[in-house]
Amino acid sequence: MKHFKRVLITGAAGALGKVLRAGLADIAETLRLTDRMELGSAAANEELQVCDLADLESVLAATKDVEAIVHLGGVARENTFNNILNSNIVGSYNVYEAARKNGVKRIIFASSNHAIGFYDRTETIDSNVMHRPDSLYGLSKAFGEDLARYYFDKFGIESVCIRIGSCFPEPMDRRMLATWQSYDDFVQMVSKSLIAARVGFTVIYGMSDNCESFWDNTKASVIGYRPKDTADVFREKMFAATPTPDPFAPAIVYHGGGFAADGHFEDQ
Ligand code: NAI
Ligand code: 15L
């Protein structure tokens, strides 16, 4: 069913962008897809625009005449502060500011578990906890969430910030048995976030129905999310293929895994 005339996806050339390009094809009459990288050729329901998120004029053009934005674009792991600053901090500011100027009503922001990556795995946290970023990357996602809060409180632009765990075809290590979200569940979560009647400012965790979990995702059920997949089906194979880790190694202690364990990116 077409719920919108036009929805914008930023970061559409990336891994999750490709997943949503297919998965959200029916949600709007037109999907506008932007990235700074090549986007291929446009299907009948698509508009393609090259757009560097760090360039406000370009983002203003990308957000014109759209009803909702799925903001995936940005540096997706730890990097230099300069790259994180331009793509994630300036880039997200430009998306929210352009949305305000163009009257966009709702934004789904691809946040990350690395905004809270320094919580200990023995703690189950919900989405009301304070940020504890584990990297400059995680810090930029904490900024993005606060930006979303500010633009809702001041201007009424609604946001769902999805703290995505590990969204890949299948879990790639033991930690991902807890943090994994299947592509289908991710598509469902973004769709529900777009079409829920009222979301205000909501923070949820992007995860499937995994028996092992660090996060209380009650708020995700409020928007109607019901995960269909589970990492549990990969559990036996993963345990057989990987050695038992030292439980006190920093990559095991913290929610953020290796991101929390790594040193400062620019020192390496
Ligand atoms: P990706 O790296 O495959 O895609 C990111 C896209 O953003 C790329 O196509 C890149 O060209 C684009 N981009 C980066 N800087 C840009 C700029 N200045 N202007 C325009 N485009 C720019 O990453 P992926 O996995 O698709 O992730 C999408 C989003 O979800 C990212 O924001 C990432 O931080 C977030 N996320 C993903 C997780 C996962 O498990 N895949 C986990 C947590 C968060
Ligand atoms: C993220 O935020 C990254 O974008 C993704 O590549 C994974 O590293 C994921 O977190 C994770 O924590 O597994």
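Within the range 156-178, if we keep just the residues that are away from ligand 1 (no atom under 12 Å from the Cβ) and out of contact with any strand residue (DSSP E or B) (no Cβ under 8 Å at 6 or more places or on another chain), the residue that is nearest to ALA231 (Cα to Cα) turns out to be LEU177. If you go through the range 201-223 and keep only what is in contact (Cβ under 8 Å) with a residue 40 or more places away in the chain, assigned to a loop (DSSP other than H, G, I, E, B) and small (Gly, Ala, Ser), you end up with just SER213.
For SER208, the conditions (1) of a type in the set (Gly, Ala, Ser); (2) over 17 Å from the mean Cα position of the chain (by Cα); (3) buried (at least 20 other Cβ atoms within 10 Å of the Cβ) are fulfilled apart from (2). Checking each residue in the range 3-29 for being within 13 Å of the chain's Cα centre (by Cα) and buried (at least 21 other Cβ atoms within 10 Å of the Cβ) picks out ILE9, THR10, GLY11, ALA12, LEU16, GLY17, LEU20.
Within the range 61-78, the residues that satisfy the criterion of being closer than 21 Å to ALA25 by Cα and within 16 Å of ligand 2 (Cβ to nearest atom) are VAL70, HIS71, LEU72, GLY73.
May I ask you to say which residue of LEU16, LEU53, LEU8 is touching a Gly at 6+ places or on another chain (Cβ under 7 Å) and of a type outside the set (S, T, N, Q)? Explain how you work it out, then say what you get.
Numbers: LEU16 fails: touching a Gly at 6+ places or on another chain (Cβ under 7 Å); LEU8 fails: touching a Gly at 6+ places or on another chain (Cβ under 7 Å).
One residue alone meets the criteria, LEU53.
Quick check: anything in the range 3-22 closer than 15 Å to ALA99 by Cα and in contact with a Cys (Cβ under 8 Å, 6 or more places away or on another chain)?
Initial filter on the range 3-22 (closer than 15 Å to ALA99 by Cα): 6-10.
Now restrict to residues that are in contact with a Cys (Cβ under 8 Å, 6 or more places away or on another chain): 10.
Yes, the range 3-22 contains a residue that is closer than 15 Å to ALA99 by Cα and in contact with a Cys (Cβ under 8 Å, 6 or more places away or on another chain).
Table: residues versus (1) out of contact with any strand residue (DSSP E or B) (no Cβ under 8 Å at 6 or more places or on another chain); (2) assigned to a loop (DSSP other than H, G, I, E, B); (3) at negative phi; (4) modelled with pLDDT of 95 or more.
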| residue | (1), (2), (3), (4) |
| --- | --- |
| SER111 | no, no, yes, yes |
| GLU123 | yes, yes, yes, yes |
| ARG132 | yes, yes, yes, yes |
| LYS141 | no, no, yes, yes |
| ASP146 | yes, no, yes, yes |
| TYR150 | yes, no, yes, yes |
| LYS154 | yes, no, yes, yes |
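For the range 175-189, indicate whether the set of residues that are surrounded by 20 or more Cβ atoms within 10 Å (Cβ to Cβ), more than 21 Å from VAL7 (Cβ to Cβ) and of a type in the set (D, E, K, R) is non-empty. Scanning the range 175-189 turns up at least one residue that is surrounded by 20 or more Cβ atoms within 10 Å (Cβ to Cβ), more than 21 Å from VAL7 (Cβ to Cβ) and of a type in the set (D, E, K, R).
Can you go through ARG121, ARG100, ARG106 and tell me which one is under 22 Å from ASP153 (Cβ atoms) and more than 18 Å from the chain's Cα centre (by Cα)? Talk me through it step by step, then tell me what you get.
Values: ARG121 fails: under 22 Å from ASP153 (Cβ atoms); ARG106 fails: more than 18 Å from the chain's Cα centre (by Cα).
Every option except ARG100 fails the conditions.
Only residues that are part of a loop (DSSP other than H, G, I, E, B), without any contact (Cβ under 8 Å) to a residue 60 or more places away in the chain and in contact with a helix residue (DSSP H, G or I) (Cβ under 7 Å, 6 or more places away or on another chain) were counted across the range 47-88, and they come to 6.
Evaluating ASP267 against the criteria (1) touching a Gly at 6+ places or on another chain (Cβ under 7 Å); (2) loosely packed, with under 13 Cβ neighbours inside 10 Å leaves one unmet condition, (1).
The criterion of being within 20 Å of PHE186 (Cβ to Cβ), small (Gly, Ala, Ser) and either touching a Leu at 6+ places or on another chain (Cβ under 8 Å) or near ligand 1 (Cβ under 10 Å from one of its atoms) (or both) does not hold for SER127. I'd like the full set of residues that are within 18 Å of GLY206 (Cβ to Cβ), of a type in the set (A, V, I, L, M) and within 9 Å of ligand 1 (Cβ to nearest atom), limited to the range 1-19. Selection gives ALA12, ALA15, LEU16, VAL19.
The values are calculated or read from the model by the stated rules, or taken from the named source; none is laboratory data. Just so you know, these numbers come straight off a predicted model, no measurement behind them. With ideal geometry, Cβ positions are generated from the backbone for all residues, glycine too; neighbour counts draw on all protein chains shown.
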